[in-house]
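K.L.:
What follows is a structure written as structure tokens; I'll ask about it next.
The values are calculated or read from the model by the stated rules, or taken from the named source; none is laboratory data. Here the structure is a predicted model, which means the values were calculated and not measured. Quick reminder, even Gly has a Cβ in these numbers, built from the backbone with ideal geometry, and neighbours come from all protein chains shown. Remember, those area values only see protein heavy atoms, side chains included, never the ligands or the DNA or RNA. Shrake-Rupley method; radii C 1.70, N 1.55, O 1.52, S 1.80 Å.
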Amino acid sequence: MESIVASNTDVRREGPIQAEGNDVKVEGFSKSIDDISQKVTQLEEKLNEVEQFYTTMDSNQPNISKSSSFMKDKLKEKHNITIEKQQQEASNREEAALRRMQELKRQFATIFRQITQHKWAWPFMHPVDVEGLGLHDYYEVIEKPMDFSTIKNNMDGFGYKNVREIYADVRLVFKNAMKYNDERDDVHVMAKSLLEKFEEKWLLLLPKVVEEEKRQEEEETKAQLDMQLTQEAFHANMARDINSELNEVDMQLEKLRETVVQKCRKMTTDEKKKLGAALTRLSPNDLDKALKIVAEYNPNFQPTAQEVDLNMDAQSELTLWRLKVFVQESLKVSGRSSGDSGGNNNNNNDENNDSKENNKKNNKNNVKRRREICDTLNKTAVKRTKKPPPNT
């Protein structure tokens, strides 16, 4: 069991430590330090966002923080300008690609017109009259009916995104006819003959289609790469700026701490006694935090040792005042939490028996820990009283 030896303190149970005189100023400095520390924490969270971006660079949407700081606004402004420029370039590429595709469609329309003007094209000019011809099983055989008039309407109405879609529908017209009609049927023979002629003409246009598809794919890949590089540059700049701001805040924090040391009056012996007594009333978790505060300014202090020797006279004024403020806040929070938990226990007596047993065990451990601390403080006080008076 960990125990604490607190020199120059006694075990008198005093009320909450009262703020006196310059205490208010000290607490004001402490609040400023806490505010800066909170800002540092927020900046570290932003750095974590940047790190997260680099671990998910394949994500389509970057994880951009919504900070309202001037630095972040400037970065976002530059970033937005770059994005707008890339969007404009992308728009220009799309327009150029659309013009090239329109030219390919125009050339395909020439092929389509030659096929539709063929003397054998008439059976395929309009949708099949299923009811008039008594083709009751037509829709069972043909999944997607297609005809030249439907293709022409889609071409005029910009229903096709690219030439391959038109090519697929033209082939479908002939494939449907060949599938439904017997090989010896005239419609089957006409469809097969026109399909061969159509494929011959398509092969002449195909190299241009392949070239355009390859070009569009390369442009899209390049645009995505440019966007990714822009995002990387944006987050890299943001990381550098946040790091600089973190360093600046650290410097401000250090200066403020130095100012606190200069402004702090020396804590009286009585105040040290009260502070030592108050430490014994902390919960184990808060006590560990208090010891860590001492360790921040005393590298040789071991807060996790089995027995901690805490000499109040050996601590700096900054350490003592920070401990005082921390103890005050911890005891206030602990008091409120005790009241809340007491009310909740009264409302749930029958439902939380196991929890109560655990609380009893924890309370026993806490009481034992505090009793050991108090015993140590008593021994320290007795040792001081037994010291022989100085020779006169």
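K.L.:
Can you give me the number of residues within the stretch 283-296 that are open to solvent by 10 Å² or more (accessible area, probe 1.4 Å), closer than 18 Å to LYS332 by Cα and of a type outside the set (Gly, Ala, Ser)? Quick ask: steps written out before the conclusion?
P.N.:
Of all residues in the stretch 283-296, those open to solvent by 10 Å² or more (accessible area, probe 1.4 Å) come to 283-286, 288-289, 292-293, 295-296.
When the remaining residues are screened for being closer than 18 Å to LYS332 by Cα, the result is 283-286, 288-289.
Then drop every residue that is not of a type outside the set (Gly, Ala, Ser), which leaves 284-286, 288-289.
Counting residues in the stretch 283-296 that are open to solvent by 10 Å² or more (accessible area, probe 1.4 Å), closer than 18 Å to LYS332 by Cα and of a type outside the set (Gly, Ala, Ser) gives 5.
K.L.:
Among the residues of the stretch 92-130, what is the count of those that are part of a helix (DSSP H, G or I), open to solvent by 80 Å² or more (accessible area, probe 1.4 Å) and either over 17 Å from LYS208 (Cα atoms) or of a type in the set (D, E, K, R) (or both)? Even if it seems obvious, please write down each step before you answer.
P.N.:
Looking only at the stretch 92-130, we keep the residues that are part of a helix (DSSP H, G or I), and these are 92-116, 122-124, 130.
Checking which are open to solvent by 80 Å² or more (accessible area, probe 1.4 Å) leaves us with 94-95, 98-99, 106, 113-114, 122.
Next, only the ones that are either over 17 Å from LYS208 (Cα atoms) or of a type in the set (D, E, K, R) (or both) stay: 94-95, 99, 106, 113-114, 122.
Looking only at that region, the number is 7.
K.L.:
Look at the stretch 298-326 and say how many of its residues are open to solvent by 50 Å² or more (accessible area, probe 1.4 Å) and among the small types (Gly, Ala, Ser). Spell out the reasoning first.
P.N.:
Pass one, the stretch 298-326, residues open to solvent by 50 Å² or more (accessible area, probe 1.4 Å): 299-300, 302, 304, 306-307, 309, 311, 313-314, 316, 322.
Narrowing further to those that are among the small types (Gly, Ala, Ser): 314, 316.
Selection size over the stretch 298-326: 2.
K.L.:
In the stretch 251-266, is there at least one residue being among the polar types (S, T, N, Q) and at pLDDT 80 or above? Break it down stepwise before answering.
P.N.:
Taking the stretch 251-266 and keeping what is among the polar types (S, T, N, Q), we get 252, 259, 262.
Narrowing the set further to residues that are at pLDDT 80 or above leaves none.
No.
K.L.:
Identify all residues within the stretch 263-318 that are in contact with a Lys or Arg (Cβ under 6 Å, 6 or more places away or on another chain), among the β-branched types (Val, Ile, Thr) and assigned to a loop (DSSP other than H, G, I, E, B); write none if there are none.
P.N.:
If the condition is that a residue be in contact with a Lys or Arg (Cβ under 6 Å, 6 or more places away or on another chain), among the β-branched types (Val, Ile, Thr) and assigned to a loop (DSSP other than H, G, I, E, B), then THR280 is the only one that fits.
K.L.:
Moving to a separate point now. Looking at the stretch 146-167, I want the residues that are over 20 Å from TRP122 (Cα atoms) and without any contact (Cβ under 8 Å) to a residue 60 or more places away in the chain and have a partner that is open to solvent by 30 Å² or more (accessible area, probe 1.4 Å) and hydrophobic (A, V, I, L, M, F, W, C) with Cβ atoms under 7 Å, at least 6 apart or on another chain. Which pairs are those?
P.N.:
From residues that are over 20 Å from TRP122 (Cα atoms) and without any contact (Cβ under 8 Å) to a residue 60 or more places away in the chain, there are no pairs.
K.L.:
Taking the residues in the stretch 134-170 that are open to solvent by 70 Å² or more (accessible area, probe 1.4 Å) and part of a helix (DSSP H, G or I) as candidates, determine which candidate is nearest to GLN114 (Cα to Cα).
P.N.:
Within the stretch 134-170, the subset open to solvent by 70 Å² or more (accessible area, probe 1.4 Å) is 136, 139-140, 143-144, 152-153, 156, 158, 161, 164.
Cutting the leftovers down to part of a helix (DSSP H, G or I) gives us 139-140, 152-153, 156, 164.
Numbers: TYR139: 29, GLU140: 31, LYS152: 13, ASN153: 17, ASP156: 17, ARG164: 18 Å.
Here the answer is LYS152.
K.L.:
Given the conditions (1) touching a helix residue (DSSP H, G or I) at 6+ places or on another chain (Cβ under 6 Å); (2) modelled with pLDDT under 95, and given that THR116 satisfies all but one, which numbered condition is not satisfied?
P.N.:
(2)
K.L.:
Same structure, new question: May I ask you to list pairs of residues, at least six apart or on different chains, whose Cβ atoms are under 8 Å apart, with the first in the stretch 103-127 being in contact (Cβ under 8 Å) with a residue 12 or more places away in the chain and the second being of a type in the set (Asp, Glu)?
P.N.:
Listed pairs, sorted by first residue: LEU104/GLU212; PHE124/ASP147; MET125/ASP147; HIS126/ASP147; PRO127/ASP147.
K.L.:
With the checklist (1) open to solvent by 70 Å² or more (accessible area, probe 1.4 Å); (2) among the charged types (D, E, K, R); (3) closer than 20 Å to LEU98 by Cα in hand, flag the one item ASP182 doesn't pass.
P.N.:
Here ASP182 clears every test but (3).
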